[in-house]
Amino acid sequence: MGSRERIALFLSELDLQVSEIESVYRKLEDKQPLLQQPEARSEDVESVGYWLHNLYNAFEDLFQLVAEFWENEVNQNGSRHKNLLRRMRLEIQGIRPALISEKAFEHLDELRGFRHVFRHAYSHGLDEERVRMLLRRALQHEPHILSEIQSFRSRIENLFQSPEE
């Protein structure tokens with residue numbers, strides 16, 4: 001497979017993963033009214049927490065796709081999740097542009113931390129206010145983060161277009 005074909009495949013996989021991310025954002029929008037009452041039911045808080053957890057997982061799948069395609073290496077040590085996220089804000093000279101900005105990194109790192117809490121919350125439950133705040137922030141940051149990913153996609157596409165196109 002030539003480089004143009006490989007890039008076309010990468011961009012198709014990227015588009016598919018972005019549509020997965022957008023789908024999770026729609027679920028979060030649908031769940032938002034559940035947390036607008038003064039005291040939400042614990043089931044509703046847990047449901048929103050589950051979708052926030054899934055949102056970060058969907059982003060991490062995108063990061064994995066980018067790292068495997070462009071760097072051919074993903075560190076599997078204990079801090080793999082944080083390192084993978086950090087790598088996405090790097091422009092790797094001569095290889096690829098940065099996928100996300102520092103601002104997006106900070107928001108996604110907060111979601112990454114929540115995912116860890118969510119996975120270990122079986123003994124004490126989720127903090128309703130934190131879930132509300134993360135939901136609000138996730139939906140506020142959505143346009144900016146998706147725009148950054150689209151910009152990354154466009155830069156890759158432009159770098160690999162042949163002159164006769």
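Does any residue in region 35-61 that is closer than 28 Å to ARG87 by Cα and polar (S, T, N, Q) come within less than 9 Å, Cβ to Cβ, of a residue that is open to solvent by 30 Å² or more (accessible area, probe 1.4 Å) and part of a helix (DSSP H, G or I) six or more places away or on a different chain, and which pairs are these? From residues that are closer than 28 Å to ARG87 by Cα and polar (S, T, N, Q), the pairs are ASN54/LYS27. Would you call SER12 under 19 Å from ILE149 (Cβ atoms), in a helix (DSSP H, G or I) and at pLDDT 90 or above? It is true that SER12 is under 19 Å from ILE149 (Cβ atoms), in a helix (DSSP H, G or I) and at pLDDT 90 or above.
Taken together, LEU90, LEU108, LEU99, LEU62 contain a single residue that is assigned to a loop (DSSP other than H, G, I, E, B), within 12 Å of the chain's Cα centre (by Cα) and not small (Gly, Ala, Ser), which is LEU99.
Evaluation of LYS103 against the conditions (1) open to solvent by 30 Å² or more (accessible area, probe 1.4 Å); (2) free of Cβ contacts under 8 Å to residues at least 40 places away in the same chain shows that the sole unmet condition is (2).
Of everything listed in (1) in a helix (DSSP H, G or I); (2) surrounded by 15 or more Cβ atoms within 10 Å (Cβ to Cβ), the single unmet condition for GLU22 is (2).
Regarding region 38-49, can at least one residue be identified that is among the β-branched types (Val, Ile, Thr), farther than 20 Å from GLU148 by Cβ, part of a helix (DSSP H, G or I) and more than 16 Å from the chain's Cα centre (by Cα)? Full working, then the answer.
Filtering region 38-49 down to residues among the β-branched types (Val, Ile, Thr) leaves 45, 48.
Right, trim to farther than 20 Å from GLU148 by Cβ and you get 45, 48.
Next, only the ones that are part of a helix (DSSP H, G or I) stay: 45, 48.
Then keep just the ones that are more than 16 Å from the chain's Cα centre (by Cα); that gives 45, 48.
Yes, region 38-49 contains a residue that is among the β-branched types (Val, Ile, Thr), farther than 20 Å from GLU148 by Cβ, part of a helix (DSSP H, G or I) and more than 16 Å from the chain's Cα centre (by Cα).
Within region 126-165, if we keep just the residues that are over 18 Å from the mean Cα position of the chain (by Cα) and among the basic types (Lys, Arg), the residue that is nearest to ILE95 (Cα to Cα) turns out to be ARG155. Note on region 47-56: residues that are buried (at least 16 other Cβ atoms within 10 Å of the Cβ) and out of contact with any Leu (no Cβ under 6 Å at 6 or more places or on another chain) total 4.
If the condition is being at pLDDT below 95, within 23 Å of LEU11 (Cβ to Cβ) and either of a type in the set (Gly, Ala, Ser) or open to solvent by 10 Å² or more (accessible area, probe 1.4 Å) (or both), then region 65-88 contributes ALA67, GLU68, PHE69, TRP70, GLU71, ASN72, GLU73, VAL74, ARG87.
Number of residues in region 1-18 that are within 19 Å of the chain's Cα centre (by Cα) and either charged (D, E, K, R) or surrounded by 11 or more Cβ atoms within 10 Å (Cβ to Cβ) (or both) equals 8.
When residues of region 119-146 are filtered for being outside any loop (DSSP other than H, G, I, E, B) and surrounded by 12 or more Cβ atoms within 10 Å (Cβ to Cβ), how many remain?
Residues that pass the stated criteria total 16.
The values are calculated or read from the model by the stated rules, or taken from the named source; none is laboratory data. Just so you know, these numbers come straight off a predicted model, no measurement behind them. Using ideal geometry, Cβ is built from the backbone for each residue, glycine included, and neighbour counts are taken over all protein chains shown. When the accessible area is computed, the model is the full protein with side chains, heavy atoms only, and any ligands, DNA or RNA have been set aside. Shrake-Rupley method; radii C 1.70, N 1.55, O 1.52, S 1.80 Å.
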